[in-house]
Amino acid sequence: MLGVLIKAGHKILGVVTQPDRPQGRGRQIDFSPVKQLALEHKLSFEQPERIKNNQEFFDWLKALQPEVIVVVAYGNILPTELLDIPKYGCLNLHASLLPKYRGAAPIQYALLKGEKETGMTVMKMNQGLDTGDILLQQKVKIDEDDNSITLSSKLFEAGGLLLLAALEKITDGIATYQPQDEQQATYAPTIEKENGLIDWHKSATAINNQIRAFNPWPAAYTTYKNQPLKIFCAKVLSFNLSGQHYPAGTVVTVMKDEGIVVTTGEGQLLLCEVQQAGSKRLSAYAFALGHDVKCGEVLPS
């Protein structure tokens, strides 16, 4: 979003981003995209390890005299002292139609719950967790083949335009804010690796939603021959390939050039792309050939 603001010609007084962290297997220190952009445009920036009771940071921020602070995916609840600094408050761009899916993982939970649409919200921040008054919202359709990667891209494209529209309303003095309906509030807490474990007794649709939601991380997974097997792509079959009854998690067949068909608590699921620990991603069909996957084998829940 920093790039969107720069391109639109807004005056950026300063940038705040998380401290540099080791990344990847080599644990090399990489600059965040936000920091890289700040350096490229010669913008003043800070990377505080903590914000609460950080007087030096507050003094730096106050000296900038910002009219508005824009917060996107920062990952911390901001203290009142900071919220009160800008003339027009702190605006947060949140990836859901608040009050639905407050919290850290709104995109994943919208997919996990099988939503047909979600959206972006610009709100004026308060001390609560995504509880501030709403300035603007924009709906975004969720397609059947969307996962966390594709949906994030669609949402943040819409979010950039929404943020610019919100700032224009503030500049023109016509911004109005709507309190959230607490009765409609739902939550999207932090995703843990364990959330990816597949229970084959669930329906094919529910499991497919889990696969979509957790691609790329933590990835929905099962085990095959005592080794973790991540699943990145699947399709719900509209018909059963066999009239026989199989226990949930049973490999029904391997479809040539398509993948591995597994029965679930309701319906059958075609696994399309998988990855075993220590290996690269493969089409499920290639994996089946390479590992001699046989009909009747059962994937544990």
(request) Please verify whether region 87-102 includes one or more residues that are outside any loop (DSSP other than H, G, I, E, B), at pLDDT below 95 and of a type outside the set (Gly, Ala, Ser). (result) no
(message) Exactly one condition in (1) more than 30 Å from GLY265 (Cβ to Cβ); (2) in contact with a Lys or Arg (Cβ under 6 Å, 6 or more places away or on another chain); (3) in a loop (DSSP other than H, G, I, E, B) is false for PRO218; which is it?
(response) (1)
(request) Check LEU37, LEU61, LEU43, LEU78 and return the single one that is crowded, with 17+ Cβ neighbours inside 10 Å and without any contact (Cβ under 8 Å) to a residue 40 or more places away in the chain. (result) LEU37
(request) Just name the residue that is nearest to the chain's Cα centre (by Cα) out of those in region 204-232 that are of a type in the set (D, E, K, R) and under 29 Å from ALA105 (Cα atoms). (result) ARG212
(message) I'd like to check which strands (runs of 3 or more DSSP E) are fully inside region 243-301 and have at least 3 residues that are over 15 Å from SER203 (Cα atoms) and assigned by TED's automatic domain parsing to the domain that holds TRP200.
(response) 251-255, 268-276
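Yes or no, residue by residue, for (1) surrounded by 21 or more Cβ atoms within 10 Å (Cβ to Cβ); (2) without any contact (Cβ under 8 Å) to a residue 60 or more places away in the chain; (3) not polar (S, T, N, Q):
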| residue | (1), (2), (3) |
| --- | --- |
| PRO86 | no, yes, yes |
| SER96 | yes, no, no |
| ALA104 | no, no, yes |
| GLN108 | yes, no, no |
| THR118 | yes, yes, no |
| GLY128 | no, yes, yes |
| LYS141 | no, yes, yes |
| LYS154 | no, yes, yes |
(message) Here's a check for you: in region 11-36, which residue that is within 23 Å of ALA158 (Cβ to Cβ) and modelled with pLDDT of 95 or more is nearest to the chain's Cα centre (by Cα)?
(response) VAL15
(message) Here's a check for you: in region 233-242, which residue that is surrounded by fewer than 21 Cβ atoms within 10 Å (Cβ to Cβ) and within 27 Å of the chain's Cα centre (by Cα) is nearest to THR205 (Cα to Cα)?
(response) VAL236
(message) Let me confirm something: among ASP146, ASP199, which residue is part of a loop (DSSP other than H, G, I, E, B), of a type in the set (D, E, K, R) and surrounded by fewer than 20 Cβ atoms within 10 Å (Cβ to Cβ)?
(response) ASP199
(request) Being closer than 25 Å to GLY103 by Cα and assigned to a strand (DSSP E or B) narrows it down to one of VAL34, VAL71, so name that one. (result) VAL71
(message) For the structure I just gave you, tell me whether ILE207 is assigned to a loop (DSSP other than H, G, I, E, B) and either hydrophobic (A, V, I, L, M, F, W, C) or assigned by TED's automatic domain parsing to the domain that holds TYR285 (or both).
(response) no
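The values are calculated or read from the model by the stated rules, or taken from the named source; none is laboratory data. None of these values were measured; they are calculated from a predicted model. So basically every Cβ, Gly included, is an ideal-geometry build from the backbone, and we count neighbours across all protein chains shown.
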